[in-house]
1. For Ala114, are the conditions met, namely being modelled with pLDDT of 95 or more, exposed (fewer than 15 other Cβ atoms within 10 Å of the Cβ) and within 20 Å of Ala156 (Cα to Cα)?
2. Applying the selection to the range 76-89, what residues are within 22 Å of Ala156 (Cβ to Cβ) and either at pLDDT below 95 or surrounded by fewer than 16 Cβ atoms within 10 Å (Cβ to Cβ) (or both)?
3. Limited to the range 123-145, what total is found for residues that are part of a loop (DSSP other than H, G, I, E, B) and loosely packed, with under 11 Cβ neighbours inside 10 Å?
4. Hey, does the range 40-47 have a residue that's assigned to a loop (DSSP other than H, G, I, E, B), surrounded by 15 or more Cβ atoms within 10 Å (Cβ to Cβ), at pLDDT 95 or above and among the hydroxyl-bearing types (Ser, Thr, Tyr)?
Amino acid sequence: MLSQWLSQQRRKLLSSSALRPNPSLNRRFAACHAWASFHSGPSASCRKAPVSSNVGNMVQRVIFVDVDDTLVRSVGTKRIPMPAVIAEVRRLGQAGSLMYLWSSGGAEYCRATAEELGLTDCFAGYLPKPHAYIDDQCISDWRDCKHFYPMQTSEA
């Protein structure tokens, strides 16, 4: 996510009429972008190559996946994996998406679920769902951000 943000900031600065391209600025952004790419998470066998492009540059898609009623359904105390969604999560990982598993149950719950389903190599990290977010835009205004229900995962 940091490398994507850095690329966006660089494009904004370079497209500004008040600023002209600056070789020093380009080197600084390149160094930050390289650091962010290297530190963006563990490499995993299910992440192969970036799948989307942005202004001619390859940009890795970032996808957040929920646990309950997305990867598993709960009936009483029994947890039932959703095989079609699990298969699509693997496909997205193999296609190069950078994925995070999140849940209101917390990060450890996510990690345990990924281990239970054999998906640990597909996720760069595990997060609790946020209680709030601070941004200058509503989620509905985020460019290229789409919501998919579990059975629409193949469209993601």
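1. Judged against the criteria, Ala114 is not a match.
2. Ile80, Pro81, Pro83, Ala84, Ala87
3. Of the residues in the range 123-145, 12 are part of a loop (DSSP other than H, G, I, E, B) and loosely packed, with under 11 Cβ neighbours inside 10 Å.
4. There is no residue in the range 40-47 that is assigned to a loop (DSSP other than H, G, I, E, B), surrounded by 15 or more Cβ atoms within 10 Å (Cβ to Cβ), at pLDDT 95 or above and among the hydroxyl-bearing types (Ser, Thr, Tyr).
Residue by residue, here is whether (1) part of a helix (DSSP H, G or I); (2) of a type in the set (Val, Ile, Thr); (3) not assigned by TED's automatic domain parsing to the domain that holds Val62 holds:
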{"residue": "Ile86", "(1), (2), (3)": "yes, yes, no"}
{"residue": "Arg91", "(1), (2), (3)": "yes, no, no"}
{"residue": "Gly96", "(1), (2), (3)": "no, no, no"}
{"residue": "Met99", "(1), (2), (3)": "no, no, no"}
{"residue": "Gly105", "(1), (2), (3)": "no, no, no"}
{"residue": "Ala114", "(1), (2), (3)": "yes, no, no"}
{"residue": "Asp121", "(1), (2), (3)": "yes, no, no"}
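The values are calculated or read from the model by the stated rules, or taken from the named source; none is laboratory data. No experiment lies behind these values; they were computed from the predicted model shown. Glycine also receives a Cβ, built like all others from the backbone with ideal geometry; neighbour counts cover every protein chain displayed.
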